[in-house]
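The values are calculated or read from the model by the stated rules, or taken from the named source; none is laboratory data. All of these numbers come straight from a predicted model, not from anything done at the bench. Counting neighbours? That spans all protein chains shown, and the Cβs are built from the backbone with ideal geometry, glycine included.
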Amino acid sequence: MIWSREKLIELEALTLAPYAQKSGETAGRHFVEPPHPFRTDYQRDYARIIHSRAFRRLEYKTQVFLNGTGDHLRTRLTHTMEVVSVSRCIARALGLNEDLVESIALAHDLGHAPFGHSGEEMLDKLMRGQGGFDHNEQSLRIVQQIEKKYPHIDGLNLTFELLEGLQKHREFYEPPPGSHAVCYLNPSLEAQVANLADEIAYYSHDLDDGLDCHLIHPAQLESLEVWQESYEEVKRRYPEIEGRELVAYVIRCIIDREVEDVIATSARRIAETKVGSVEDVRRQPQPLIGYSGPLCEANRALRKFLYANLYYHPDVSQVNRRACEMLGRVFETYIENPNLLGGNTATRIERDGLHRAVCDYLSGMTDRYLLDEYARLFPSLS
Ligand code: MG
């Protein structure tokens, strides 16, 4: 038996919730393409993302710690895979479209610059007055313009719903082509799930990596509800475990607790608002996927803690500051010598302007490529 695209669409209609985004109801792609015989549109989006260059580069980009500083610390790629895992679990429990949520999660960090958030801040500063730099906007630029996979088409020609999922933190969302609405206040539930799963993944794994590197100590975490509740539960169930074994299991329990809370809270909001379609979801004034009030508060405290004790820890920020100085020097050198930008330089500058062309080129680099480039350009300084 062959599962054709039509059969997969039928299966979605039978098994997904009424408020899920079905692939058979996609608003389509900018460039119309013939349907695939045995893959839905979101399954094609998935394949396009994992076959892209930007996706392969995630392996060598910083999450928090400079890439290559520890073999089991998270990279942008492993973070992405954790976001996929959390997203799929929430989506499955709520009857949402797993193919769509997975594709959004896989693409959500494609636009990150080398050296993580420090690199992003530095590029934004270098691009002041030239449109700035934001990794979410850059993810969209990559999939809509920068990736080259198809003859005569810029970008990956992804579906409307995938692009909607990458427009994070917008005040308004553009309506699908053919819709009578002027704008929407919220994206699909699949997009909302991927967005929240990103937070769940980084809260927990940054805590894990920070403990693993001894930049954070368990004693510092006693006042944090998110940590303490799971810690006490683990100690009750396994009083004999300690050290790394204890930390690993507490982190596991934190993720579980967050996911269960989001599923229960979101299911309740979905029931209360009585949304019956994805259009209803987009018209809601507030997102429907979210944490309960108490967990929201507890996560806010965790976030504050991570900023104060990990992201700006001298051991992390010193390395990042040095990396950003390199980023700045390479940026200025390219502005002065655009011929160093590699192939298609003239076309890129003509289309996007010199600063944007340099920013695209630099932000696409992995940590190690930028370090090598710096050593090549400034042999006496490295
Ligand atoms: Mg992320």
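Could you tell me whether Arg257 is modelled with pLDDT of 95 or more, surrounded by fewer than 16 Cβ atoms within 10 Å (Cβ to Cβ) and either in a helix (DSSP H, G or I) or on the phi < 0 side of the Ramachandran plot (or both)? Here the answer is no, as Arg257 does not meet what is asked.
On inspection, Leu66 does not qualify as part of a helix (DSSP H, G or I) and more than 20 Å from His355 (Cα to Cα).
Screening segment 1-20 for residues that are hydroxyl-bearing (Ser, Thr, Tyr) and outside any helix (DSSP H, G or I) and picking the one that is surrounded by the fewest Cβ atoms within 10 Å (Cβ to Cβ) gives Ser4.
Using the structure shown, decide if Thr80 is free of Cβ contacts under 8 Å to residues at least 40 places away in the same chain, within 16 Å of the ligand (Cβ to nearest atom) and touching a strand residue (DSSP E or B) at 6+ places or on another chain (Cβ under 8 Å). Here the answer is no, as Thr80 does not meet what is asked.
Restricting attention to segment 100-119, the residues being assigned to a helix (DSSP H, G or I) and surrounded by 22 or more Cβ atoms within 10 Å (Cβ to Cβ) number 11.
Of all residues assigned to segment 159-167, at least one qualifies as being at pLDDT below 95, over 16 Å from Gly28 (Cα atoms), in contact with a Phe, Trp or Tyr (Cβ under 9 Å, 6 or more places away or on another chain) and within 16 Å of the ligand (Cβ to nearest atom). Within segment 184-211, the set of residues being within 16 Å of the ligand (Cβ to nearest atom) and hydroxyl-bearing (Ser, Thr, Tyr) comprises Tyr202, Tyr203, Ser204. Scanning segment 121-165 for residues that are surrounded by 18 or more Cβ atoms within 10 Å (Cβ to Cβ) and among the basic types (Lys, Arg) gives a single hit, Arg141. For segment 127-168, a tally of residues being among the charged types (D, E, K, R) and touching a Leu at 6+ places or on another chain (Cβ under 7 Å) returns 3. Filtering segment 60-77 to residues that are buried (at least 19 other Cβ atoms within 10 Å of the Cβ) and away from the ligand (no atom under 16 Å from the Cβ) leaves only Leu66. The set of residues in segment 286-318 that are surrounded by fewer than 16 Cβ atoms within 10 Å (Cβ to Cβ) and among the hydrophobic types (A, V, I, L, M, F, W, C) comprises Cys296, Ala301, Ala308. Could you tell me whether any residue of segment 47-59 is assigned by TED's automatic domain parsing to the domain that holds Glu199, closer than 30 Å to Val319 by Cβ, away from the ligand (no atom under 16 Å from the Cβ) and in contact (Cβ under 8 Å) with a residue 60 or more places away in the chain? Within segment 47-59, one or more residues are assigned by TED's automatic domain parsing to the domain that holds Glu199, closer than 30 Å to Val319 by Cβ, away from the ligand (no atom under 16 Å from the Cβ) and in contact (Cβ under 8 Å) with a residue 60 or more places away in the chain.
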